[in-house]
1. Go through 795, 679, 35 and list them by solvent-accessible area, largest first, probe radius 1.4 Å.
2. May I ask for the angle, rounded to the nearest 10°, between helix 7-20 and the longest principal axis of the chain, with both axes built from Cα atoms and the value confined to 0 to 90°?
3. In square angstrom, rounded to the nearest 10, how much accessible surface does residue 561 have for a 1.4 Å probe?
4. Distance between the C-alpha centers of segment 35-110 and segment 369-411? Whole Å please.
5. Quick one: pull the percentage of alpha-carbon pairs in the chain with a separation above 54 Å.
6. Give the ranking of 496, 569, 577 by solvent-accessible surface, highest area first, calculated with a 1.4 Å probe.
7. For segment 654-679 and segment 195-209, write down the distance between their C-alpha centroids in whole Å.
8. Could you tell me the accessible area of residue 628 in Å² (1.4 Å probe, neighbours in place), rounded to the nearest ten?
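The values are calculated or read from the model by the stated rules, or taken from the named source; none is laboratory data. Predicted model only: the values in this text are computed from it and were never measured. All Cβ positions, even for glycine, are placed from backbone atoms using ideal geometry, and neighbour counts span all protein chains on display. The accessibility values were calculated without ligands, DNA or RNA, using every heavy atom of the protein model including side chains. Shrake-Rupley method; radii C 1.70, N 1.55, O 1.52, S 1.80 Å.
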Amino acid sequence: MDESYQPAEVEAEAQSHWAEHQVFRAVEDPAREKFYCLCMFPYPSGRLHMGHVRNYTIGDVIARYQRMRGRNVLQPMGWDAFGLPAENAAIQNGVPAARWTYDNIAYMRDQLKRLGFGYDWSRELATCDPSYYRWEQWLFTRLLRKGLVYKRTAPVNWCPKDETVLANEQVVEGRCWRCDTPVEHREIPQWFMRITAYADELLAALNTLDGWPDQVRTMQRNWIGRSEGVELAFAVPGEDAPLTVFTTRPDTLMGVTYVALAAAHPVALKAAVANPALAAFIEECRGTQVSEAALETMEKRGCFTGLTAEHPITGAPVPVWVANFVLMGYGTGAVMAVPAHDQRDFEFARRYGLPVRGVVYPADGTEPDLGAAAYTEKGVLRDSGLFTGMDSATAFDAIAEHLERHGRGQRRVHYRLRDWGISRQRYWGAPIPVIHCPECGSVPVPDEDLPVVLPQDVALSGAGSPLKRMPEFYRTTCPECGRPAERETDTFDTFMESSWYYARYCAPDVTGAMLDVRVDYWLPVDQYIGGIEHAILHLLYARFFHKLMRDEGLVRGDEPFQNLLTQGMVLKDGTKMSKSKGNTVDPQEMVERYGADTVRMFVMFAAPPEQSLEWSEAGVEGAFRFLRRLWKLVSVHVNAGPAAVLERGALTVPQRALRRQVHETIAKVSDDMGRRYTFNTAIAAVMELVNALYKFEDPTPQGRAVMQEALEVAVRLLAPIVPHVTHRLWHHLGRDQLLVNTPWPTPDSVALTRDTVEIVVQVNGRLRGRVEVPAGGDREVLEAAALGDPNVQRFLEGRPVRKLVVVPGRLVNIVV
């Protein structure tokens with residue numbers, strides 16, 4: 001065996017062998033326990049970054065470990081291929097978006113293979129393939145008929161740079177999540193999925209996801225935002241319908257001093273016809289950012305409508321204002337304002353000289369300074385008519401009952417969650433399968449006409465969607481009446497494609513249905529891996545989509561992902577790697593210089609998976625040195641000739657000690673990798689074992705037999721992390737079976753048995769020595785060993801021993 005480690009040659013041979021023998025091809029086998037391991041699939045941006053490498057290495061290590069534990073493992077890979085970056089790149093480079101995307105897929109696929117990831121490539125999919133998005137079009141038509149999809153004119157988040165609508169979740173601190181452009185507020189016709197119909201189930205089912213991080217579950221719980229309150233009506237003289245508001249604090253109702261409307265509220269628009277100042281303010285609000293973060297921090301501004309509403313209990317007139325912090329897309333587009341008990345309302349009232357009327361005060365009788373800030377806590381009611389003297393909880397029920405009795409309100413449950421806006425005014429996405437007929441309205445495309453294929457040979461200008469300028473695409477006939485009609489030119493939000501890909505992997509080759517019975521074997525995903533940044537966007541949508549598919553009879557079970565691991569970021573110089581900061585590291589360059597195994601070992605050793613990882617060139621070099629040391633250790637052993645058969649009963653004390661360390665390492669690494677997912681400590685344990693093997697010099701037949709077992713164990717324990725070099729070393733150690741098909745080692749209970757144990761010796765509670773004693777030795781033996789230790793005797797100094805405290809197998813405390 002060559003003593004020189006050549007990673008390029010070793011890795012190429014291993015990868016070729018795996019591919020030739022289709023080692024990672026997954027086949028359903030009801031007789032075997034399955035394990036579906038899935039990493040969130042990448043957008044084909046052109047090149048892998050270190051975040052990809054870390055994510056996919058974690059997944060591959062888990063999958064390979066589970067395979068060695070005997071599970072039938074499915075680990076697929078695909079491409080989240082639609083989206084604005086491809087469209088923008090096509091414009092910049094003058095190439096079709098499809099060609100740019102497929103070229104990137106080809107390059108990145110090769111990069112993934114170079115890293116040795118054990119994917120079943122026969123299940124590969126790309127979401128821009130019509131054979132894939134056909135089925136989400138098909139499901140959309142079913143949901144449309146069931147009323148779970150609808151179209152309406154709605155206020156939307158509009159990215160002026162990308163010229164498309166963004167979901168609420170895609171607005172980050174008032175800016176587009178993709179291009180960081182400030183988001184505007186517009187109203188246009190949009191398609192929505194009724195995710196709110198599943199709000200209660202989405203919320204309740206979070207309690208069943210014990211394998212998810214608490215942080216992610218809390219983020220989703222807060223985003224869904226269930227709240228109990230009262231919906232009540234403020235009548236407006238001269239208007240046919242009252243202003244409907246929702247409040248979680250009906251105990252503050254007697255402190256209302258104005259009502260605030262959204263700029264797009266019908267009452268506001270009607271009042272603006274004869275009010276130029278109001279009309280100008282409403283027009284100004286059309287450009288207002290609509291994210292909640294922006295609403296919280298923006299200057300609170302408004303305009304009086306000239307109207308008053310009637311208080312639902314007292315009948316007193318309440319002025320009606322239009323305010324820039326109220327949106328039609330949130331609740332009813334109207335809010336009751338209580339400046340004394342809501343800080344936002346307070347700031348608005350102070351700006352425009354509106355009354356601040358306190359009605360809730362601390363139960364301890366203290367007086368809050370309502371001239372300085374709102375008092376927002378619950379307490380005891382004052383100046384509230386019939387309800388004066390009640391605490392907030394009692395007043396909640398009493399006021400709700402009063403309003404219900406008089407027909408002016410009722411208890412309601414509201415959600416922060418809003419229906420999912422799924423239409424985008426862009427080209428590179430799956431076409432929405434709807435035909436607009438002047439006679440029949442919006443008609444779903446018939447099944448036999450699916451998929452509605454996105455044209456690929458399209459010239460992009462960057463101004464909106466080219467589909468609107470392609471009559472050959474949008475001109476068609478109505479499937480119901482046969483008259484001329486037009487196709488929908490909006491495309492799906494790309495989160496539609498990523499919300500069900502995990503299920504399609506289970507049946508990627510089925511042509512006559514969205515899924516087939518194979519999903520019953522593979523789902524749910526046993527281990528899902530991805531970034532915490534997807535906690536709300538992707539993970540909530542995927543949970544929703546799974547329930548939609550369940551209710552269509554396509555899948556069983558209520559949740560798609562049983563366990564979730566959210567890996568930390570890769571940092572360099574303390575900050576996240578990014579092209580704009582110029583602190584990126586090219587994985588390809590690292591693989592070419594050190595080999596894939598070295599890169600894999602570094603990213604698994606540098607930090608636990610859920611923590612951020614600081615890139616270190618020295619750390620990479622350290623991983624490379626360790627693999628060379630392991631290679632040399634095996635080569636020296638192998639080149640000395642075959643080892644003898646291990647005879648457990650014939651081992652010397654040093655041989656037994658080394659063998660005990662080997663099996664203690666098996667136990668620790670098994671726990672670290674299988675239960676704790678602390679791969680860094682698993683690697684550290686194997687490194688300690690390798691260090692011990694370098695110190696073990698015993699050329700006797702049984703010494704070499706112990707060394708053979710130890711090297712085989714080290715290779716098997718490292719196989720999930722550095723699969724290429726261990727693949728080769730396994731064969732050099734004389735094993736013919738493929739390492740990936742070799743069972744995970746189990747500790748030998750006999751080897752773990754100790755003849756002696758080390759105990760701590762204390763004098764007056766302070767550590768003064770350590771002594772070896774026979775395992776299971778009685779109290780007298782432990783006392784004698786402790787008192788006889790030379791170092792301990794120095795601290796006794798001839799003083800009489802008052803007491804001996806013995807904890808068998810652990811310590812002796814000598815009290816003097």
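1. Details: 795 60, 679 5, 35 25 Å².
From most accessible down to least: 795, 35, 679.
2. Relative to the chain, helix 7-20 is tipped by roughly 70 degrees.
3. 0
4. Cα centroid of segment 35-110 versus Cα centroid of segment 369-411: 55 Å apart.
5. Numbers: 103058 of 332520 pairs.
Looking at the chain, the distances longer than 54 Å represent 31 percent of pairs.
6. Values: 496 0, 569 90, 577 30 Å².
I get 569, 577, 496, largest accessible area first.
7. With segment 654-679 and segment 195-209 each reduced to a Cα centre, they are spaced 41 Å.
8. 120
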